[in-house]
C-alpha cells in the first residue's frame, strides 16, 4: 500500500490524474489554521447538507484557532460527525472517496481524515414485490447494505448473531457479509462458506446471486441449491434454524444456504398461520407441483399411447375435440407451452402500462381464436392453462424456472414412450435431485436420506417444529427453541 | 463411461417395454360394442363405432348418426376384422369395448370358439359385459339407436346394471365373470340378455330417438343360462330374481308379498342380503342348505294388519320369508328341472370344501344336481316402516 506523502498538492495531483480529472470529484481548497485545508468528495455519492452544514461550517468557524499542534487529531475530536477515520494510504483514500466519504486533507501532514457524508441512495424500505404474504411482515430488503443488515439485526437482538464482512470484486469493492447465529450454526459449515467466499476472485459483484453461484457446487443443475429471498423475516427464520445468510451490498436479495428441495415449497407464512391451515396449503402446493410437471405429458401419453388408461366417455370427448386438429398432440403441446412462456416473459419485460393490452391479446387472441381456428384443441388449452397456473404457485423463481426444463424432458419422453416415458423421466428427475448436495447436505433430505427427527417440517409442519424444535439438519447446537425443555 | 451407462439403461428401458404403439386419438375409431353371429360356417362380425365428432358442440346438430356399425363375414373372426378395416377410415381400437353381443342362435351352438379371439387381443380389457341377443342376431342389436344416453351401448349397460340392482330381473355379467364360471368346476355361467322390442328396421333410423316413446327399444329382462359354453335357456322374472338373491347381486330390490287371500299386497325394499349355502354329500348323493338373511324397508302396505304391534311386524316378516322362499324355489325348479344346469355354484362349494368326494361325482354332477334336495331358511327383518306406520287406507299413522 502506497503511503500518503506530506505534500497535499502531490496527493491532489494524484487524485486528479487517477480519476482522469473527473468532474464528479470536487476538490475545495480553503485557508485555515494558517495552512491550506483541502476538502475532497465525490459529489453524486455525498449528502450536500452534511458537507455544507457540518464540515464546511466547522472549518469556517474554527479556522483561526491554532492552539493545537496536531491538526488532524484536533479536527477528528472536534468535528461534529459520527464517523471519522484516519487514513494514511492511497488505497483507503480511494475506497473512502468513492464510497461517498468526504476527505479532509491538511497540507503538510501525511495523514488525512475521512468523514461520513454518504447520501442515502435508495428508495427506502418497500413492501416485498416478489414474495407476497397475506399475514406477516411486509418489508423487503433494499439496495442499501446497512439497511439490509439493520433489517435482520432488528429482528435478532442477539449478541450471538455474527456478521463477518468481506470486500469482494477487484473493481466493484462490494461488501459481502456472512450472517449466522454462533451458538446454533454448524462451525464447519461456516468455515466452508468463509473459505469459499475468500477464494472468490472476480472483478465485480453485481448481484448477490453472483456470490451464491460462485460458492455453490451445482452449476450444471437446473434446480437451485441456494435460496435467494428479499424478505428479512425469511432470513431470520433460516438463521434461527442454523443456516447462513449472505447479504451483499447493492442487492435486494439475500442468499440463504444450505437449502433443501422441500424448502422451496415452504414459505415464511407457514410459520404465521395455524399449522392445520398451513398443511392444507402445502398439500395444494405439492399437487400443483405435480400438475405443472406431469399433466401435459400424461395428457399426451393417454391420447397417443395409452388410450386404455382413460374412461371411455372421456376418451370419446378427447377424441371429439382432437378431431380436425392438424398437428400431432406433442406439437400442439409444445406450441402452447412455448406460447405461454413467451407471454410470461414478455409480460415480465413490458412496461406496466402496456400489460393489459398484452393480456387481452394473450388470452383472447391466442386462447380462444386458436381453438376456433382449429389449430389447437380446447382440451389442450385447458391442459396448458392448468399447467401454467400451477407452475406459478411457488414463489421461488429458481424452482419455477427449473421445472420448465423438466416439463420439456417429460414431454419428449412421453411423446416417444407413453406412460412409460413419464415414469422414466420421473426416475431421471429423482436421480438428478438425489445426486445434488447443498453444502454437503443431501438435497432431498429429510426424505432421502430419511431423517425422522426432521419430518416435523418435511411434507407437513407440526406445532412442535413451529414452537419448540429447530431444523436438526443444520442446527447443530441448541436445538430447542424454548428454554423450558432440557438442552 | 458414466454417460454410456445411462444410455444403456435408457436404451434398454425403451426397447424392452414394447410400448411403441403411437397413434393419435383422432386416428382411431373407438369400438364400443362387438357383435358375433354365425351363419353356416362363416362368422359374421359387426362392430359399433362411436362417432366422436358428433359429441362436440359444433357437430351435435349435424345430420350424422351417433354411432356407425360396420360388419363383415369371414372364415375366422380375424379375417372378418380385416374386411371391416377395408371400410373404416380409422384404425379400430378395441381397448374400450363395453359389450360383446352374441346372437341367441349362435350362443346355443357354444361360445368357446369366440372366446379365444376375445381373450387373445391384448388391447382388450376383460371387464366388458357379455350379452346374448334374445331371438335376434347380434348385428341387429348393435344397430338400434336409443335415447337418453348418447351412446346406445352405454345406455344398454346402464339399463342392465340398474335393473340388476333394483328389479333383480336381469343380471349384469362381465366377460371375466363368464370366463371364471366357464373354467370353474361345478358352476355354469349366466349372462345378461337383451331383447329388442319393436321393429328392428325402425330402430336403425335416427328418427327412433326423436320419439317420446321410441318405436324400437332395447330392454334387459332375462338371464341367459348356460350349460358349459352353450346357452340352454332363459330365467325370467322371479326365477331371475332368485338367482340374483342367491348370487348376492341385489340391493334395493322390491319384493311384493300377499298378506291375505283377497289379493292385498304389501312390498318391501330389500337390502343386500347375507346368503350362505352349503352342499353336503352323503353316499354320493348331494343335499343343500340355503340360508338367507336380510333387512328390509316397507315401501308399500295395503294390508289390514295393524303395524303398531310388534308381533304383527313379526307376522309380516313371516310373509316376506314365505315369499322369498317361493322365489328361490322357482329359481331352483327352473335350474334343476327345466335346464338341469348348476348356475348357482352348489357344485363349486363341494369342489372347494369336499375335494376328495367331488372327484367321484364330478362327471355326473349335472344329473345329481337336478335331483338334489334342498332346505331353505329365510330370515327377514323389517327395520323401517317408512315415514308412516299404518296403511293410508286405514287412516294412516
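The residue that is farthest from the other protein chains (Cβ to nearest Cβ), among those in segment B:127-167 that are in contact with a strand residue (DSSP E or B) (Cβ under 9 Å, 6 or more places away or on another chain) and loosely packed, with under 15 Cβ neighbours inside 10 Å, is B:135. When B:235, B:182, B:231 are screened for being modelled with pLDDT of 80 or more and surrounded by fewer than 20 Cβ atoms within 10 Å (Cβ to Cβ), only B:182 passes. Confirm whether residue A:338 is at pLDDT 85 or above, surrounded by fewer than 15 Cβ atoms within 10 Å (Cβ to Cβ) and assigned to a helix (DSSP H, G or I). Taking the combined requirement at face value, the residue satisfies it. Among the residues making up segment A:444-459, those that are out of contact with any strand residue (DSSP E or B) (no Cβ under 7 Å at 6 or more places or on another chain) and farther than 16 Å from residue A:280 by Cα are A:444, A:445, A:446, A:447, A:450, A:451, A:452, A:453, A:454, A:455. Among the conditions (1) under 17 Å from residue A:247 (Cβ atoms); (2) in contact with a strand residue (DSSP E or B) (Cβ under 9 Å, 6 or more places away or on another chain); (3) buried (at least 17 other Cβ atoms within 10 Å of the Cβ), residue A:156 misses just one, which is (3). Just one of (1) at pLDDT 90 or above; (2) more than 26 Å from residue A:264 (Cβ to Cβ); (3) buried (at least 16 other Cβ atoms within 10 Å of the Cβ) fails for residue A:203. It is (3).
Close contacts from segment A:65-82, counting a first residue that is at negative phi and a second that is at pLDDT below 75, with Cβ to Cβ under 6 Å and a gap of 6+ residues or different chains, come to A:74/A:68. In segment B:98-118 there is at least one residue matching the filter, namely being within 14 Å of chain A (Cβ to nearest Cβ) and in contact (Cβ under 8 Å) with a residue 40 or more places away in the chain.
Do we find that residue A:350 is touching a helix residue (DSSP H, G or I) at 6+ places or on another chain (Cβ under 9 Å), within 14 Å of another protein chain (Cβ to nearest Cβ) and either at pLDDT below 85 or closer than 20 Å to residue A:412 by Cβ (or both) in this structure? Taking the combined requirement at face value, the residue does not satisfy it. For residue A:245, are the conditions met, namely being more than 14 Å from chain B (Cβ to nearest Cβ) and under 18 Å from the mean Cα position of the chain (by Cα)? For residue A:245, the condition - more than 14 Å from chain B (Cβ to nearest Cβ) and under 18 Å from the mean Cα position of the chain (by Cα) - is met. From the list B:290, B:328, B:255, exactly one residue is assigned to a helix (DSSP H, G or I), crowded, with 18+ Cβ neighbours inside 10 Å and under 31 Å from the mean Cα position of the chain (by Cα). Which is it? The conditions single out B:328. Mind listing whichever residues of segment A:461-477 are surrounded by 17 or more Cβ atoms within 10 Å (Cβ to Cβ) and touching a residue at least 60 places away in the same chain (Cβ under 8 Å)? Matches in segment A:461-477: A:461, A:466, A:470, A:471, A:473, A:474, A:475. Considering segment A:266-294, the residues that are over 27 Å from residue A:235 (Cβ atoms) and buried (at least 19 other Cβ atoms within 10 Å of the Cβ) include one that is farthest from the chain's Cα centre (by Cα), namely A:294. Might you check whether a residue that is assigned by TED's automatic domain parsing to the domain that holds residue A:151, buried (at least 20 other Cβ atoms within 10 Å of the Cβ) and more than 30 Å from residue A:204 (Cβ to Cβ) occurs anywhere in segment A:239-257? Within segment A:239-257, one or more residues are assigned by TED's automatic domain parsing to the domain that holds residue A:151, buried (at least 20 other Cβ atoms within 10 Å of the Cβ) and more than 30 Å from residue A:204 (Cβ to Cβ). Scanning segment A:145-201 for residues that are in a loop (DSSP other than H, G, I, E, B) and either under 15 Å from residue A:239 (Cα atoms) or free of Cβ contacts under 8 Å to residues at least 60 places away in the same chain (or both) yields a total of 19. Restricting segment B:174-203 to residues that are under 17 Å from residue B:135 (Cβ atoms) and touching a residue at least 40 places away in the same chain (Cβ under 8 Å), which is nearest to the chain's Cα centre (by Cα)? Only one residue tops the list, namely B:192. Answer yes or no: is there a residue in segment A:416-427 that is under 26 Å from the mean Cα position of the chain (by Cα) and modelled with pLDDT of 85 or more. No, segment A:416-427 contains no residue that is under 26 Å from the mean Cα position of the chain (by Cα) and modelled with pLDDT of 85 or more.
Scanning segment A:409-428 for residues that are facing chain B (nearest Cβ under 9 Å), crowded, with 21+ Cβ neighbours inside 10 Å and in a helix (DSSP H, G or I) yields A:415, A:417, A:421, A:424. Say we look at segment A:295-332 and pick out the residues that are within 36 Å of the chain's Cα centre (by Cα) and closer than 24 Å to residue B:97 by Cα; which of these is farthest from the other protein chains (Cβ to nearest Cβ)? That would be A:298.
The values are calculated or read from the model by the stated rules, or taken from the named source; none is laboratory data. Owing to the predicted nature of the structure, the values given are computational and were not obtained by experimental measurement. Don't worry about glycine lacking a Cβ; one is built from the backbone with ideal geometry, like all the others, and counts go over all protein chains shown.
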